[in-house]
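These notes are about the structure you will find just below.
The values are calculated or read from the model by the stated rules, or taken from the named source; none is laboratory data. Predicted model only: the values in this text are computed from it and were never measured. Cβ atoms come from the backbone with ideal geometry, glycine included; neighbour counts cover every protein chain shown.
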């Protein structure tokens, strides 16, 4: 079983490729709104990467605590989604999946 720091490293490599591709794609957009919308995706993925880098530098106990806190935050976010619309369902599934992976990462510290 791979340890969580190895998984975070792989994820960071993927995120870096995605951010680079998004930024390159956004450069070719003439419409400021469209370009900024795309750059917002890159900013979001960069934030994931930045948190991962911080997580990799934590002790095992600190990492377990950080992952527990992240899981708790995600649960509160999911509970706040009260709509069963397409968007509401998408967000619930998003949070549910992230909770599952965060709790799985906790087990692999």
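Residue check: is residue 72 outside any helix (DSSP H, G or I), without any contact (Cβ under 8 Å) to a residue 12 or more places away in the chain and out of contact with any helix residue (DSSP H, G or I) (no Cβ under 8 Å at 6 or more places or on another chain)?
no
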Inset, instruction - Identify the single condition in (1) within 25 Å of residue 5 (Cα to Cα); (2) in the same structural domain as residue 8 (by TED's automatic domain parsing); (3) surrounded by 13 or more Cβ atoms within 10 Å (Cβ to Cβ) that residue 38 does not satisfy, given that it satisfies every other one. - result: (1)
Legend entry - Number of the condition not met by residue 69 [criteria: (1) outside the structural domain of residue 108 (by TED's automatic domain parsing); (2) exposed (fewer than 15 other Cβ atoms within 10 Å of the Cβ)]: (1)
Inset, instruction - Looking only at the range 91-102, count how many residues are surrounded by 15 or more Cβ atoms within 10 Å (Cβ to Cβ) and farther than 16 Å from residue 6 by Cα. - result: 5
Legend entry - Enumeration of residues in the range 16-59 that are under 19 Å from residue 105 (Cβ atoms), in contact with a helix residue (DSSP H, G or I) (Cβ under 7 Å, 6 or more places away or on another chain) and not in a helix (DSSP H, G or I): 58
